[in-house]
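Okay, structure first, notes after.
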Amino acid sequence: MDPLWPGVTLDVAVPAPKKVLGYDFGERISSHASILRYVEALAAWAPNRVRIVEYGKTWEGRRLIYVVLGSEANVKRMDEVKAAMQRLADPRKTNEAEAKKLAASLPAVVWLAYGIHGNEISSPDAALATMHHLLAARNDKMTQDILATTLILIDPLQNPDGRDRFVHNFEIAEGIEANESPLAAEHNEPWPGGRTNHYYFDMNRDWLGVTQPETRGRMRSLLQWYPQIFVDLHEMGSDSTYYFTPEADPFNPHLSKDLMEGLQWIGKNNAKWFDHFGFNYFTREVYDNFYPGYGASWPCYHGGMAMTYEQASARGLKMRKSDGTVFTFRDTVRQHFVAGLSTLETAARYRRQLLERFYAFRKLAIEEGANEPVKEYVLPRTGNVTAVDKLAALLAEHGIEVKRATGAVTVEGRQLPGGSYIIPMAQPAKRMVRVLLDPQVPLEAKFLAEQERRRARKLPDEIYDVTGWSLPLLYNVEMLQAKAVTAGSFATVQAGEVPKGQVVGGPATVAYLVPWGTSGAGKLLIAALREGFDAWSSDKAFTQKGRQYSAGTVIFRVKDNPAALAAAMTRLAAETGAEVVATDTSWVEDGVNFGSRHVWRLRKPAVALAWDDPVSASSAGHTRFVLERQYGMPVTVIRTRQLAMADLSRFHALILPDTGFGGGYGAVLNPVAVQRLKNWVASGGTLIGIGGAVSFLTDPKVGLLAVSQEDRFRQGDPPKKADAGEIRQPGKLFTKQEDFDKAIQADKELPDAVAGVLAKAKLDPEHWMSAGVASHVYAMVDGRAIFTPIKLDKGFNPAVFTGPEEVMASGYMWDDNRKQLAFKPLVVVQNEGRGLVIAFTADPNFRAFTDGMNMLFLNAVVRGPARARPAP
């Protein structure tokens, strides 16, 4: 077998994959267990040059590791290097003279990350080849320079759960030889595929919300090391070649201008070696770093250089491209291997500059922050206080300095309660502060002009991911901009640290009241129902002992619950952060009493979730994650093909997530299945549709929702169509270019697709779905679906997008879409017999970071079934 890097002598004493695993690099697709076994064999052979660090476990219990590899001298002082990186990272503690000494003596830290997407198969095996080469290469100057001047951190498999899912599907589809046909089952995964983790998260989009244990562990490790170079190695479509840095436009304005020069260093060196070996490649196309939630962009805001590498995928051991050429899995492993070594060579060459630039980036961030007109961002601890607490802890997890006021403070003339949070601009992570918290991060005017030109010609746009992501909007919490440094006493917020809730005024003799409207209240309610306690919820506000309680407030009556209620309320308040108020009377000064007809008994929810094609795996996974992991609500997932004959009578709610590629629910739910679904709703079930499921519910053949999806709106009369069967049309004269441009437009089409923006919607305060929710929410709107509002005689529109001048809250939306989306529904509720149909036209659980939509979704799942009237 041809060597991966010809001309380099390898020490045969170093454990080879053939000896440890039974196959050579690129002959088989290694499972997570095989990867660990080989890494452990290398570490056992060279314990002074290889260290294994475990940084977490996946949802399915698989170990997450990274490897520290280098010369014996550099590995021996790895703790010293890590401590020195912390000193370089804070120029307030390390002056320039000290920084220069450190830059002169330290190795550059390079982090190579492999296999974030489990079905992008070549990079984890390339990680093993890279480690073997760095240990086994003899008398090779390039390798010697790398080991002498860098400390290499290798995460060989970022997504073990998805990887093993892919390997399992591949192995059960294999035949007696590798099949090159793109149609072969071994190349085509069943739902949900191996790209995502256990909860079907694309973890290359999770660096913003940090919802998954894999991301959380990696981020914590990166903040310990602050690598100067971070490479995320991926795969792309089989018909492509290889992509490496520099990135495509648009360039995020909060990135350092020096970053582009550094990316040129790396790209040019990669090109040198790819030319040497005869590999095709491309740069500056498709893959941008505008969204900060990629692994290949997040480290840039802390002063490192981060980039994506993309390899055409064999999706197996052999693949035939559409032009007839055939390539192998080993080919793809080799190209990633070469790109990784080339990057390490660049790091070795520019070691000192990388370290000095890292320090300079952090120092400049402090100076910029001190000189900006806004000195601090402030999160008042008001409204959904548990969401505010969670956001502050998340920012700390991102490596941002956050302070909690220990008493009341005054900001811009307004007094804020103790517990409010201050985020100073004058800090090393200032660019991270801006990119995560700014309401709007602008796209370059030149780039936008080109996208509008392409759109006018019906060419696909080049916007790769969402363009709006401001965390305060996603969490729907208030953020103030302070033009002066806030005076007061403060404590530093640690990552993951949130205040505990408490019971006020206990123990109760009549009831415990849980004000609705905080995520903590939602968690407490679900936990209490699961423990067997009875709860009620008021549809109307009331006032007791001078305090107003909003609609949705949960009531736990002492007489209707076991004696363990008091202890449970104390424990659950502390665990969830919820506020609980003990009361010794049911008398209210204003509003409804506890026994009013507007007070509904809440059931322990039995929730089913549609699973499998045509469901979007990400929508289903994110929905399940929000309910199970964020709110503690068990979910029964039911494969869509079983819904046709399933007995749903034991379930209070059924959720139909958004749909993926291909056909919608109509492709799997035949008329018999649709009728059974309608019967279940009519008998008291609550059916919740999300995104593409809404289109299914509105289909006249289904008839479960009296709204319609809209075509694109055009000014003026619609074009006239020829009569059916006409071969010829009346002649027309085109006297100017505009006549031709109008004539080639489609007679009817959907609105143009939007990449992902935060759109503002207003709530109907009188509707039960709005209980505990702020007056406005911000939904992530992507795609092209816009729906008509429901008529008053058919149902309600409890959440409606705001007017055209304010609907676009963050990101970039085509002007036509902005105008057409205005005053259209985000949420629709329709009574159907004894049950309910609730439609979310935008996914309320998008990437599980739209926390500001949580209470609206919980109202549908928990309070919806309480209002349904199942037959006695």
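The values are calculated or read from the model by the stated rules, or taken from the named source; none is laboratory data. Quick caveat, the model's predicted, so the values are computed rather than measured. FYI the Cβ positions are ideal-geometry reconstructions off the backbone, even for glycines, and counts take in every protein chain you see. The protein model used for the area step is the full one, side chains on, heavy atoms only, and it has no ligands, DNA or RNA in it. Shrake-Rupley method; radii C 1.70, N 1.55, O 1.52, S 1.80 Å.
Which one of LEU263, GLY662, PRO789 has its Cα pushed farthest toward the positive end of the charge dipole of the chain, where Lys and Arg give +1 and Asp and Glu give -1 at the Cβ?
Towards the positive end, the residue furthest out is PRO789.
Between region 563-582 and region 35-86, what is the separation of their alpha carbon centroids in Å?
Going from one Cα centre to the other spans 43 Å.
Towards the positive end of the charge dipole of region 454-523, with charges on Cβ (+1 Lys, Arg; -1 Asp, Glu), say which of TRP516, THR486, THR467 has the farthest Cα.
THR467
Quick query: amide H of MET236 versus all other amide H atoms, modeled in the peptide plane; which residues come in under 5 Å with a sequence gap of 5 or more or a different chain?
So MET236 has HN proximity to GLN311, ALA312, SER313.
Which length gain, in nm to one decimal place, applies between ASP2 and LEU459 when the Cα-Cα distance is subtracted from 0.36 nm times their residue separation? Please list the in-between numbers first.
Values: separation 457, 0.36 × 457 = 164.52 nm, distance 4.30 nm.
Additional length available on full extension: 160.2 nm.
For region 167-207, report the accessible area per residue in Å² (1.4 Å probe, heavy atoms, rounded to an integer). Can you show the working numbers first?
Details: 1890 Å² over 41 residues.
Result: 46 Å² per residue.
Relative to the Cα centre, what is the charge dipole magnitude of region 713-836, using +1 at the beta carbon of each Lys and Arg, -1 at the beta carbon of each Asp and Glu, and rounding to the nearest 20 debye? Please report the intermediate quantities before stating the final value.
Working: 17 positive and 18 negative charges, 37 e Å.
With Lys and Arg at +1 and Asp and Glu at -1, about 180 debye.
Label point 7 Å out from ALA644 along Cα-to-Cβ: which residues of region 666-695 have amide N under 16 Å?
Within reach of a label on ALA644: 666-678.
Within the set of other residues whose C-beta is less than 9 Å from the C-beta of GLY496, count the net charge using Lys and Arg as +1 and Asp and Glu as -1.
After counting each charged neighbour, the total is -1.
Going by alpha carbons, how many degrees (0 to 90, nearest 10) lie between the helix axis of 519-530 and the longest principal axis of the chain?
The two axes meet at around 70 degrees.
Quick one: 3J(HN,Hα) in Hz for region 436-441, Karplus 6.51/-1.76/1.60 with θ = phi - 60°, rounded, Gly and Pro as x.
Result, rounded to whole Hz: 8, 10, 4, x, 9, 10.
Give me the one-decimal nm value for the distance between modelled label points at ALA370 and ASP815, 7 Å along each residue's Cα-to-Cβ direction.
4.4 nm
With +1 on each Lys and Arg Cβ and -1 on each Asp and Glu Cβ, and nothing else charged, work out how big the dipole of the chain is about its Cα centre, in Debye to the nearest 20.
Numbers: 101 positive and 98 negative charges, 335 e Å.
That gives the chain a dipole magnitude of about 1600 debye.
Got the relative contact order for the chain handy, in percent, Cα pairs under 8 Å and 6 or more residues apart?
Values: 1894 pairs, mean separation 89.6, N = 872.
Computed value for the chain: 10 percent relative contact order.
Roll a 1.4 angstrom probe over the protein heavy atoms and tell me the percent of accessible area of the chain that is carbon or sulfur. Kindly include the intermediate steps, with their values, before the conclusion.
Numbers: 17760 of 34910 Å².
Here carbon and sulfur together make up 51 percent of the probe-accessible area.
Gap in Å between the Cα centre of region 646-696 and the Cα centre of region 226-257?
About 40 Å separates the Cα centre of region 226-257 from the one of region 646-696.
Treating the angle as unsigned and between 0 and 90°, give the value, to the nearest 10°, between the Cα long axis of helix 351-371 and the longest Cα principal axis of the chain.
Orientation of helix 351-371: about 30 degrees from the principal axis.
To the nearest 20 debye, what charge dipole does region 260-354 have about its Cα centre, counting +1 at the Cβ of each Lys and Arg and -1 at the Cβ of each Asp and Glu?
It comes to approximately 320 debye.
Before I look further, what does region 1-160 give for accessible area per residue, probe 1.4 Å, in whole square angstrom?
The answer is 38 Å² per residue.
Among the aspartates and glutamates, which fall within straight-line cross-link reach of LYS545, defined as a Cα-Cα distance under 18 Å, with same-chain neighbours fewer than 8 residues apart omitted?
Result set, ordered by chain and number: GLU579, ASP584, GLU589, ASP590.
Identify all lysines with a Cα-Cα distance to LYS742 below 22 Å; exclude those on the same chain that are fewer than 8 residues away in sequence.
Those lysines meeting the cut-off are LYS458, LYS720, LYS721, LYS732, LYS819.
What whole number of Å gives the distance from the Cα centroid of region 317-374 to the Cα centroid of region 125-188?
Between the Cα centres of region 125-188 and region 317-374 lies a distance of 18 Å.
Please give the FRET efficiency for ALA606 paired with GLN715, using the beta carbon to beta carbon distance and R0 = 45 Å, rounded to the nearest 0.05.
In this case the efficiency is close to 0.35.
Taking amide H atoms as placed 1.01 Å from N in the peptide plane, list the residues 5 or more away in sequence, or in a different chain, whose amide H sits under 5 Å from that of TYR287.
Long-range HN contacts for TYR287: ALA248.
So if we plug the beta-carbon distance of ASP249 and SER775 into 1/(1 + (r/R0)^6) with R0 = 30 Å, what FRET efficiency do we get, rounded to 0.05?
Details: r = 38 Å, r/R0 = 1.26.
FRET efficiency, ASP249 to SER775: 0.20.
Once phi is turned into ³J(HN,Hα) by the Karplus curve 6.51 cos²θ - 1.76 cosθ + 1.60 with θ = phi - 60°, what whole-Hz value does each residue of region 541-547 show in order, with x for glycine and proline?
Values, residue by residue: 6, 8, 10, 9, 6, x, 9 Hz.
Rounded to whole Hz and in sequence order, give me ³J(HN,Hα) for region 382-388 from the Karplus expression 6.51 cos²θ - 1.76 cosθ + 1.60, θ = phi - 60°, writing x for Gly and Pro.
3J(HN,Hα) across region 382-388, in whole Hz: 9, x, 6, 5, 6, 5, 4.
Send over a whole-number figure in Å² for the accessible area per residue of region 396-511, probe 1.4 Å. Please report the intermediate quantities before stating the final value.
Details: 5210 Å² over 116 residues.
Each residue of region 396-511 exposes 45 Å² on average to a 1.4 Å probe.
Output the 0 to 90 degree angle, nearest 10, between the alpha-carbon long axis of helix 96-105 and the longest principal axis computed from the alpha carbons of the chain.
Orientation of helix 96-105: about 60 degrees from the principal axis.
If a paramagnetic tag sat 7 Å from the Cα of ASP590 along the Cα-Cβ line, which residues of region 764-797 would have the backbone N under 17 Å from that point?
766
Calculated from DSSP H runs of 4 or more alone, at -39500 (n - 2.57) each and per residue, what is the 222 nm mean residue ellipticity of the chain, nearest 500? Kindly include the intermediate steps, with their values, before the conclusion.
Values: 26 runs with 275 residues, N = 872.
After summing the helix terms and dividing by residue count, I get -9500 deg cm²/dmol.
Let me check against my output: what whole-number percent is the relative contact order of region 225-351, with C-alpha pairs under 8 Å and at least 6 apart?
Details: 197 pairs, mean separation 48.2, N = 127.
Relative contact order here is 38 percent.
Would you tell me the accessible area of TYR359, worked out with a 1.4 angstrom probe on the heavy atoms of the protein chains, in Å² to the nearest 10?
Probe radius 1.4 Å; accessible area of TYR359 about 20 Å².
Excluding same-chain residues fewer than 8 positions from LYS375, which lysines have a Cα within less than 20 Å of its Cα?
LYS363, LYS403, LYS430, LYS483
Work out the charge dipole of the chain with +1 on the Cβ of Lys and Arg and -1 on the Cβ of Asp and Glu about the Cα centre, then indicate which of THR850, VAL707, VAL14 is farthest towards its positive end.
THR850
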